[in-house]
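Trainee: Got a structure for you, questions after.
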Amino acid sequence: METRTLLLFFSLLFLEASFSSCHSIKSIEYRNIENAQLEKIGLSNSTLNAELLCFNPNPFGLELIQSDVDIYLNDNLCGHSIQNESVKINRKEEFRVSLKLEVNMKNMLKNLAAGLLGNEVKIRVIGKLTVGKGMIKKSFPIDYSTSKKLSLF
């Protein structure tokens, strides 16, 4: 019985590999940073929330497995965000990746002053997204930047 089970497993693995080679995963498109907000402001630490709007150009659904990014405000490292929650991504559809990080304010106060006064702040996200389909996983680099007004509420 073990031989049959092993044969079935390798057959399924072969079919999965054959399918994935015909339909390789296209790179995720990064479209915008939305809902950038300072959730909590403190003298030593603050919390920044944002959403990275992305698009799945593939003719099949995917699963977001992980995002691992550094976030910069006005070209200064603001913090690091890791998301490990599984998110279903529909085919040829936009989706959002939640970014949340604790910010050490010692080096950031002068850079955030412009944003708090209503001026735009340059936000840059650098890192990677890992997506999967079945047993196949693929990581895509992120290097996206835009200018936004940060809101306290």
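The values are calculated or read from the model by the stated rules, or taken from the named source; none is laboratory data. Just so it is clear, the model here is predicted, and its values are computed rather than measured. Please note: Cβ atoms are built from the backbone with ideal geometry, for glycine as well, and neighbour counts cover all protein chains shown.
Trainee: Just name the residue that is nearest to residue 99 (Cα to Cα) out of those in region 56-88 that are touching a helix residue (DSSP H, G or I) at 6+ places or on another chain (Cβ under 9 Å) and of a type outside the set (A, V, I, L, M). Step through it out loud before you land on a result.
Mentor: Step one: filter region 56-88 for residues touching a helix residue (DSSP H, G or I) at 6+ places or on another chain (Cβ under 9 Å), giving 73-76, 78.
Narrowing further to those that are of a type outside the set (A, V, I, L, M): 74-76, 78.
On the way: 74: 17, 75: 18, 76: 17, 78: 12 Å.
Applying the filter and picking the extreme gives 78.
Trainee: Considering only residues of region 48-69 that are within 19 Å of residue 31 (Cβ to Cβ) and within 11 Å of the chain's Cα centre (by Cα), which is surrounded by the most Cβ atoms within 10 Å (Cβ to Cβ)?
Mentor: Going through the qualifying residues, I end up with 52.
Trainee: Quickly run through region 101-153 and pick out the residues that are modelled with pLDDT under 70 and of a type in the set (Gly, Ala, Ser).
Mentor: First, pick out the residues of region 101-153 that are modelled with pLDDT under 70: 106-118, 150-153.
Scanning region 101-153 gives 113, 114, 115, 118, 151.
Trainee: Something else: Given the structure, is residue 65 in a strand (DSSP E or B) and over 19 Å from residue 32 (Cα atoms)? Spell out how you get there, then give the answer.
Mentor: On the way: in a strand (DSSP E or B): yes; over 19 Å from residue 32 (Cα atoms): yes.
Considered against the rule, which asks whether it is in a strand (DSSP E or B) and over 19 Å from residue 32 (Cα atoms), residue 65 comes out as yes.
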